[in-house]
Amino acid sequence: MPSLPELEPGTLPPGTAGLRARVRSFLAEASFTPRCDSWLTGADPAFSRALGARGWLGMTLPARAGGHGRSPLERFVVIEELLAAGAPVAAHWIADRQVGPSLLHNGTPEQQRRFLPGIVRGECFFAIGMSEPDSGSDLASVRTRAERTRGGEHGDGWRLTGTKVWTSGAHLAHAILVLARSERGSERHAGLTQFIVPLPAEGVTIRPIASLSGEHHFNEVVFDGAFVPDALVLGKPGDGWRQVTAELAYERSGPERLLSTFLLLRLLHERGADPRALGRLLARLWALRQASLGVAGALAQGRTPDVAAALVKDLGTRFESEVIEAARDHAGAEPDPGSPDPLARALAQAVVQAPGFTLRGGTNEILRGIVARGLGVR
Amino acid sequence: MDDPLLAATADEILAAADPWPALEEAGLTAVGVPEEAGGSGGTLADAAVLLRASGYHAAAVPLAETGWLAGRALAEAGLPVPPGPLTACADPRRVPWARGAHRIVVVRDGEARVYDPAGLEIVPGANLAGEPRDEIVLGGARPVAAGPCGADLRLRGALARAVQLTGAMRRALELSVRYAGEREQFGRPIGRFQAVQQALAELAGEVAIADVAVRAAVRTPDDPVAVGAAKANASRAAGTVASIAHQVHGALGVTAEHPLHTITLRLWSWREEFGGEAFWAGDLGGRAAGSRDPWPFLIGM
């Protein structure tokens, strides 16, 4: 009978204490207003560049690719400190988390030379074009098409036509990684290819999709015959599905799936919330962090713990909302985005972002489906 | 990683109906207690392998009590670990397995005192699974041995029960997955229905998170933050796991005939023993309240 893989607790390598101390002292000096869900809503290019200058972006990329050759567990230390502080890390988040590793695994030397150093410096931000108006959870149904074009003024390449939605940060990004159907008549997981499109580009229109709070984080990105030269195809044509899914364990199990509302927890502590209520949250978070660290450890050993990553995201994102409920119980503040009271403000940020916690990066229902398949019942 | 040979041996022995004699014969009743002191040797992680297996098989044996609690306390007090089942307590109420114990170790005020139960009044009690949870009346009884011991039995007991809970929860998961694959309604196995799949996935999530957290706590068994968080989380998970397992099993699961109850009765008992979620959440929250910043407090650095 298929069963759950056992997750060993992750162990932080020696030397991370010093790294953690350096991040903390940087954060203590840095000027920013902490916010909930800062990895999606807190974009600050200058802050990203400051992190890059300290060697905290592209950490796991090897030196030959312009990175810092650090382990995924060292990166774990840096990002959990940044997230726990509510630091504005959104601008570079996707480039650092998944585009860098993806370029390393699938990119040509030329693509790596062109994009990785900028990612590492915090000067090149990426967006990811996956979902479409008619393709959400069912990602394999994407309809954006890539058609072959030869001998034009820019040489051989592809023309992209279609629409991507919920594209976080596309309005700030220097490039977008697009998943498109490159084989006419292909179905499902076959015939998909990833393309790198530097922005802005002719034939690409980026329009804001206002969030329910009125804020602008998401975009609609319309491709109207936008040209992509062969040199900017990522990986092998037709191999897009495998490339996209290979990164999912990285995307789903990180501390950003537990810590989006940590600022609220910190404020509850500061305001002297009921110790038992605080302790319940801390106990849960302690356990979830061990699991997230366990997945990071497995990834560092070269394994791909997809089921465990799905579990962490399912339970972690639900924990993020538990913190909101505890903050509401503590009362003393009503959510108000413009309030001078940090608790009222953080509560407002958390409440309006919370529906997204259990949607983005694979809905919790999809994740539980992955777990059920791992259990052998599906 | 668990020692695979030990895990296989533990699994084989603890699956049997009355495993105590076989545990004694294999010298596995006091794993984690140094051999020089009369224990079985091995690490605390090895001891956890046995406790996890005892939880998985719902084995009615004082394994946590003999080695993890009494044996380690005796060794630390410089006292020999006697043969036979043992137990230990700080509080004379709800003492696990007191009535069948060869010796009872009371750890209080920085001292371990060893009593012969024959000289004590024992008021029987039990948990939901029928495991003895007795009250001992020391009266004027004189200990047969004593030595200095600073062990925190509540902390140790909490970690032991947390380990047992993770074993029992894993079994609840396996029973539920198997049943969902076998039981047919509306012409197909109930595990083919998304509603059931989603419930099983939630069950699996709780089991996996509790398991990795408890394994992490076993590595730092004297850290009250780690142990408290692990027990609070395991106790919380136990309720969710028992409830989903029963929902999946339907009416069959609530019968005495089906083995599920041997697991769930223990989940509902062990989650309270040595402190449930509320106790450990209060302990953790109280410690956190005394810290300047909850983040370094939480991650211990």
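The values are calculated or read from the model by the stated rules, or taken from the named source; none is laboratory data. Owing to the predicted nature of the structure, the values given are computational and were not obtained by experimental measurement. Neighbour counts are summed over all protein chains in view; Cβ atoms, including those assigned to glycine, are modelled from backbone coordinates with ideal geometry.
Pick from B:ALA37, B:ALA53, B:ALA17: which is under 27 Å from B:HIS258 (Cβ atoms) and at pLDDT below 95? Before you say what the answer is, go through the steps one by one.
Numbers: B:ALA37 fails: under 27 Å from B:HIS258 (Cβ atoms); B:ALA53 fails: at pLDDT below 95.
Exactly one of B:ALA37, B:ALA53, B:ALA17 is under 27 Å from B:HIS258 (Cβ atoms) and at pLDDT below 95, namely B:ALA17.
Can you name every residue in segment B:219-239 that is within 9 Å of chain A (Cβ to nearest Cβ) and farther than 18 Å from A:LEU281 by Cβ?
B:ARG219
Hey, B:ALA88 hits all of (1) within 21 Å of B:ALA158 (Cβ to Cβ); (2) in a strand (DSSP E or B); (3) without any contact (Cβ under 8 Å) to a residue 60 or more places away in the chain but one; which does it fall short on?
Just one mismatch for B:ALA88, condition (3).
Does any residue of segment B:179-186 turn out to be assigned to a helix (DSSP H, G or I) and among the polar types (S, T, N, Q)? Working first, answer last.
Residues of segment B:179-186 that are assigned to a helix (DSSP H, G or I), as a first pass: B:179-182.
Those left that are additionally among the polar types (S, T, N, Q): none.
The answer is no; no qualifying residue exists.
When segment A:264-285 is examined, which residues are found to be surrounded by 24 or more Cβ atoms within 10 Å (Cβ to Cβ) and facing another protein chain (nearest Cβ under 7 Å)?
A:LEU265, A:LEU278, A:GLY279, A:LEU282, A:ALA283, A:ARG284, A:LEU285
Which condition number does A:ALA249 fail, the rest of (1) outside the structural domain of A:GLY136 (by TED's automatic domain parsing); (2) loosely packed, with under 15 Cβ neighbours inside 10 Å; (3) at pLDDT below 95 being met?
It fails just one condition, (2).
From the list B:GLY27, B:GLY39, which residue is without any contact (Cβ under 8 Å) to a residue 24 or more places away in the chain and not acidic (Asp, Glu)? So that I can check it myself, show each step before the final result.
Numbers: B:GLY39 fails: without any contact (Cβ under 8 Å) to a residue 24 or more places away in the chain.
When all the criteria are applied, what remains is B:GLY27.
Restricting attention to segment A:14-45, which residues are among the hydrophobic types (A, V, I, L, M, F, W, C) and within 21 Å of A:ARG70 (Cβ to Cβ)? Can you show your working first?
To start, the set of residues in segment A:14-45 that are among the hydrophobic types (A, V, I, L, M, F, W, C) comprises A:17, A:19, A:21, A:23, A:26-28, A:30, A:32, A:36, A:39-40, A:43.
The answer is A:ALA17, A:LEU19, A:ALA21, A:VAL23, A:PHE26, A:LEU27, A:ALA30, A:TRP39.
Just to be sure before I move on: is B:GLY150 under 19 Å from the mean Cα position of the chain (by Cα) and touching a residue at least 12 places away in the same chain (Cβ under 8 Å) in the structure I sent?
Details: under 19 Å from the mean Cα position of the chain (by Cα): no; touching a residue at least 12 places away in the same chain (Cβ under 8 Å): yes.
No.
Of the numbered conditions (1) more than 8 Å from every other protein chain (Cβ to nearest Cβ); (2) in contact with a helix residue (DSSP H, G or I) (Cβ under 8 Å, 6 or more places away or on another chain); (3) part of a helix (DSSP H, G or I); (4) closer than 20 Å to B:LEU284 by Cα, A:GLN243 fails exactly one; give the number of that condition.
It fails just one condition, (4).
Give A:PRO5, A:PRO14, A:PRO34 a once-over and let me know the one that is more than 30 Å from A:GLY374 (Cα to Cα) and modelled with pLDDT under 95. Talk me through it step by step, then tell me what you get.
On the way: A:PRO5 fails: more than 30 Å from A:GLY374 (Cα to Cα); A:PRO34 fails: modelled with pLDDT under 95.
Only one candidate qualifies: A:PRO14.
In segment A:23-44, what residues are outside any loop (DSSP other than H, G, I, E, B) and in contact with a helix residue (DSSP H, G or I) (Cβ under 9 Å, 6 or more places away or on another chain)?
A:VAL23, A:ARG24, A:PHE26, A:LEU27, A:SER38, A:TRP39, A:LEU40, A:THR41
What are the residues in segment A:309-335 that are away from chain B (no Cβ under 13 Å), surrounded by 24 or more Cβ atoms within 10 Å (Cβ to Cβ) and not charged (D, E, K, R), if any? Can you show your working first?
As a first pass, look at segment A:309-335 and keep what is away from chain B (no Cβ under 13 Å): A:320-321, A:324-325, A:327-329, A:331-335.
Filter again for surrounded by 24 or more Cβ atoms within 10 Å (Cβ to Cβ), leaving A:320, A:327.
Within segment A:309-335, A:ALA327 is the sole residue that qualifies.
Check off (1) closer than 30 Å to A:THR11 by Cα; (2) free of Cβ contacts under 8 Å to residues at least 24 places away in the same chain for B:GLU206 and give me the number that stays unchecked.
Failed condition: (2).
When both residues are 6+ apart or on different chains and their Cβ atoms are under 8 Å apart, which pairs have a first residue that lies in segment A:210-223 and is aromatic (Phe, Trp, Tyr), and a second that is assigned to a loop (DSSP other than H, G, I, E, B)?
These pairs meet every condition: A:PHE218/A:VAL165; A:PHE218/A:TRP166; A:PHE218/A:THR167; A:PHE218/A:SER168; A:PHE218/A:SER211; A:PHE223/A:THR144; A:PHE223/A:GLY203.
List the number of the failed condition for A:LEU57; all other conditions in (1) among the aliphatic types (A, V, I, L, M); (2) within 21 Å of the chain's Cα centre (by Cα); (3) within 14 Å of another protein chain (Cβ to nearest Cβ) hold.
It is condition (3) that A:LEU57 fails.
As an exercise: evaluate B:GLN197 against (1) in a helix (DSSP H, G or I); (2) more than 8 Å from chain A (Cβ to nearest Cβ) and give the number of the one condition it does not meet.
Looking at each condition in turn, B:GLN197 falls short on (2).
Looking at (1) touching a residue at least 24 places away in the same chain (Cβ under 8 Å); (2) more than 11 Å from chain B (Cβ to nearest Cβ), find the lone condition where A:ARG303 falls short.
(1)
Inspect all residues belonging to segment B:153-173 and state whether any of them is without any contact (Cβ under 8 Å) to a residue 40 or more places away in the chain and touching a helix residue (DSSP H, G or I) at 6+ places or on another chain (Cβ under 9 Å).
no
Given B:ALA59, B:ALA64, which one is small (Gly, Ala, Ser) and farther than 18 Å from B:VAL218 by Cβ? Step through it out loud before you land on a result.
Values: B:ALA64 fails: farther than 18 Å from B:VAL218 by Cβ.
So the residue among B:ALA59, B:ALA64 that is small (Gly, Ala, Ser) and farther than 18 Å from B:VAL218 by Cβ is B:ALA59.
Where in segment B:1-78 are there helices (runs of 4 or more DSSP H), lying wholly inside it, with at least 2 residues that are within 29 Å of B:ALA242 (Cβ to Cβ) and either over 12 Å from the mean Cα position of the chain (by Cα) or of a type in the set (Lys, Arg) (or both)? Lay out the reasoning, then the answer.
On the way: elements: B:4-14, B:20-25, B:44-56, B:72-76.
Ranges flagged: B:4-14, B:20-25, B:44-56.
Among the residues of segment B:203-255, which ones are charged (D, E, K, R) and not in a helix (DSSP H, G or I)? Working first, answer last.
From segment B:203-255, those charged (D, E, K, R) are B:206, B:211, B:215, B:219, B:222-223, B:231, B:236; that's our starting set.
Those that are charged (D, E, K, R) and not in a helix (DSSP H, G or I): B:ASP222, B:ASP223.
Could you please give the count of residues in segment A:141-158 that are loosely packed, with under 14 Cβ neighbours inside 10 Å and either in contact with a Pro (Cβ under 6 Å, 6 or more places away or on another chain) or more than 24 Å from A:VAL244 (Cα to Cα) (or both)?
Here the count works out to 7.
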